[in-house]
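The values are calculated or read from the model by the stated rules, or taken from the named source; none is laboratory data. Remember, predicted model here, so these are calculated numbers, not experimental data. Every residue, glycine as well, gets a Cβ built from its backbone with ideal geometry; the counts of neighbours run over all protein chains shown.
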Amino acid sequence: MPMTNNQNVLKWVEEMQALTKPDKVVWIDGSEEQLNALRDEAVATGEMQRLNPEKLPGCLYHRTKPNDVARVEDRTFICTSKKENAGPTNNWCDPKEMYAKLTPMYDGVMKGRTMYVIPYSMGPIGSPLAKVGVELTDSIYVVLNMDIMTRMGAQAFKNLGDESNDFVRGLHSKANVDPEGRYIVQFPEDNTIWSINSAYGGNVLLGKKCFALRIASYQGWKEGWMAEHMLILGIEKPDGDIKYVTAAFPSACGKTNLAMLIPPEGYRNKGYKVWTVGDDIAWLKQGEDGKLYAINPENGFFGVAPGTNAKSNFNALESTKKNTIFTNVAINNDDNTVWWEGLDKNPPVNATEWKGAKVNGKEYTAVIGADGKPQKLAHPNSRFTAPAENCPCISKEFNNPQGVPISAMIFGGRRAKTAPLVYQSFDWNHGVFVGSIMASETTAAAAGAVGVVRRDPMAMLPFCGYNMADYWQHWVDMGVKLGENAPKIFNVNWFRTDDEGHFIWPGFGDNMRVLDWIIQRVEGKVDAVETAIGYEPKPEDINIEGLESDGITVDVVKELLSVDVDCWKEDVKGIKEFYAKFGDKLPEEMKKQLAGLEERLG
Ligand code: GTP
Ligand code: SPV
Ligand code: MN
């Protein structure tokens, strides 16, 4: 039964129903009764599996097709009427052409299936920063994930009202999960997303990357706010004051980990605490007091499972103990629980690996695969979908409709050599430049080669819904609006390696030591050293108390902060090449900043 009188919604649902021709249409109200029936159905058909009710109550398991385990950037499109509005970093197609190509693919695609109508809010219900979406899908897995990741069901229509046309129209069909027919298409000018032939995460949970970043970044450009691939966290100091920061790292480069950080013992004893507001996406808008405020539009975490353990990310692991969906991890058949590489050193003997084969986990992981690494029981991009309310360190501001005021923004990526542990930009515009020249080694979060360095400005390369040159100009314009309220901008790199390829910095909880310096800079409590690339800490200002056993000395910190001028000159060549793609659209400010860097490098 439709749960709204909004004619714009009703008319569109009818049109899509006529196109896809499902046997049945079910409106998702979000009630436990309805969701339980869907869980039962997914279990009965084998689409999902219930996990141990004592150890993992309310948890479900799902396996996707081996050809459908990550985002597909080469099949992701931004369709704007003018090509230059998508820019050189996005795949583009004329909207008319794309609709014409996809319409026959959707024609009758839901015959014999049910179409679920999912109303959802990105952002707390009632928040002036929140926006409504409706996703149509033929996948129960999508419904159950959207329930965790968004504020889903009848409540979402309250925000929309009966007249508004301001909602994002998402149409998803898993179709035959055919990789050749897979398309993830954003039409920013129509508030529309069409996704077909995938059943995996970022391709199909349309509220996440498709709406909250690609469509929302475009909306933010038009409406004067920002949608960013950023975590949001609060750092509580011993005096009780909480400073909020955001951080943009590319996919699988440590956002969830930093967002849920547990400070080292020395900090805990002094009374420092970290609170999680978000782990992947931030929507930012200037408040009435002039400051920049951020909300997390999501309601859960779609986190990378491998590497998550009680030591690396206790809070994330705790978040997955109930009402969580696991995708493409391994099953321990002895007690019907889950396992992944890096959970512990004890792979289950009686295991089912992520593709579904029953194996002896100990023997299986002892075999070296074609890539020279041990075979894996869980896919490297296997994920958990966990409710934010499960997180032991969830911020009390999580549902605050006004968001939290941001004091600092941090950029970072995986760089083996070039980027130092931390540096601060000279000012806002230099910070925009620092974000624009970000580069990182690719990860398993997207299909394609892993470990290749590519430019990934603001960690938004796969997620910016318009021309990246306009996006940088938008950042510059936001800086003008914010004036002296603009957050300070920093860059970090947890991934510098030694000659043997080992990470030098211990990372994880110890990243608190870098956050500490950042907060002290924000508060004007510590000096810095001016270098060619920005302000750096004096090595002795990074607190390394308690790190002696990890071999971290002031000299090692000095090494981690070193700037190799030749490396940077090489990097400048890469930046120039990248910038050249934008032609005349490249903002003057970025040209000026690049010239400044070159001059300082000598
Ligand atoms: P998406 O959900 O894809 O956007 O990823 P994310 O940015 O949230 O990454 P996540 O926190 O899940 O971390 C991905 C991988 O990086 C995991 O394997 C972590 O173990 C590893 N990682 C995270 N933080 C650190 C760190 O400080 N040091 C090192 N060496 N590895 C880290
Ligand atoms: C990412 O790849 O940045 C993710 C996972 O957060 S996905 O939802 O698949 O985009
Ligand atoms: Mn992400």
Would you point out which residue out of L213, L171, L233 is assigned to a helix (DSSP H, G or I), among the aliphatic types (A, V, I, L, M) and at negative phi? L213
Being under 25 Å from A100 (Cα atoms), of a type in the set (K, R) and in contact (Cβ under 8 Å) with a residue 60 or more places away in the chain is the filter here, so list the residues in segment 1-54 that pass it. K21
For segment 146-166, state whether one or more residues are surrounded by 22 or more Cβ atoms within 10 Å (Cβ to Cβ), away from ligand 3 (no atom under 16 Å from the Cβ), farther than 24 Å from P124 by Cα and not hydrophobic (A, V, I, L, M, F, W, C). no
Complete set of residues in segment 257-293 that are within 16 Å of ligand 3 (Cβ to nearest atom) and assigned to a strand (DSSP E or B): T276, V277, G278, A282, W283
Of all residues in segment 236-256 being in a loop (DSSP other than H, G, I, E, B) and among the small types (G, A, S), which is nearest to ligand 2 (Cβ to nearest atom)? S251
Within segment 18-35, residues being more than 14 Å from G153 (Cα to Cα), part of a helix (DSSP H, G or I) and either among the charged types (D, E, K, R) or within 31 Å of the chain's Cα centre (by Cα) (or both) number 1
What's the number of the condition F503 fails, among (1) in contact with a Lys or Arg (Cβ under 6 Å, 6 or more places away or on another chain); (2) at pLDDT 95 or above? (1)
Inside segment 265-281, can you point out the residues that are touching a strand residue (DSSP E or B) at 6+ places or on another chain (Cβ under 8 Å) and touching a residue at least 60 places away in the same chain (Cβ under 8 Å)? Y272, K273, V274, W275, T276, V277, D280, I281
What number of residues within segment 78-101 are crowded, with 20+ Cβ neighbours inside 10 Å and either of a type in the set (A, V, I, L, M) or not assigned by TED's automatic domain parsing to the domain that holds I215 (or both)? 2
Scan segment 415-431 and tell me whether some residue there is in contact (Cβ under 8 Å) with a residue 40 or more places away in the chain, within 18 Å of the chain's Cα centre (by Cα) and closer than 24 Å to N296 by Cβ. no
I'm checking my understanding of the structure. Among residues of segment 130-162 that are outside any helix (DSSP H, G or I) and at pLDDT below 95, which one is nearest to the chain's Cα centre (by Cα)? G161
Answer yes if at least one residue in segment 563-581 is outside any loop (DSSP other than H, G, I, E, B), under 31 Å from the mean Cα position of the chain (by Cα), of a type in the set (F, W, Y) and under 30 Å from K83 (Cα atoms), and no otherwise. yes
